[in-house]
Amino acid sequence: MKRYPIKAIMADSGSEFTLLGELKGVDIYFADSYSSHERGNNANFNGLLREFVPKEVSLNDLSQGDLAIFTQAINDRIRRIPNYQTA
């Protein structure tokens, strides 16, 4: 199984995530307190991705090409906002 390095992590700003700051070579992003919309886009995309990859399937089992295809399919969806355009 091929593994891919983690390049970035987005976490809530809770104290349980304070040790993430010690990771080297990984960009860490924390959602601002009282700004739940910052995590909403991430959670929404994860839900859309799971339409292609069920939770029982590990993302580690997928190639970068597989993920690129799924991401493109999600971005090509027509959306009500903005004006029924794709991303």
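The values are calculated or read from the model by the stated rules, or taken from the named source; none is laboratory data. The structure displayed is predicted, hence computed values, not measured ones. So basically every Cβ, Gly included, is an ideal-geometry build from the backbone, and we count neighbours across all protein chains shown.
Quick one: which of VAL57, VAL53 is exposed (fewer than 13 other Cβ atoms within 10 Å of the Cβ), β-branched (Val, Ile, Thr) and out of contact with any Pro (no Cβ under 8 Å at 6 or more places or on another chain)?
VAL57
Is it the case that ASN60 is in contact (Cβ under 8 Å) with a residue 40 or more places away in the chain, out of contact with any strand residue (DSSP E or B) (no Cβ under 9 Å at 6 or more places or on another chain) and assigned to a helix (DSSP H, G or I)?
Criteria met by ASN60.
Give the stretch 6-28 a look and list any residue that's among the basic types (Lys, Arg) and either under 19 Å from ALA43 (Cα atoms) or in contact with a strand residue (DSSP E or B) (Cβ under 9 Å, 6 or more places away or on another chain) (or both), or say none.
Selection gives LYS7 alone.
Using the structure shown, decide if PRO54 is modelled with pLDDT under 80 and not in a helix (DSSP H, G or I).
Spelling it out, it is not the case that PRO54 is modelled with pLDDT under 80 and not in a helix (DSSP H, G or I).
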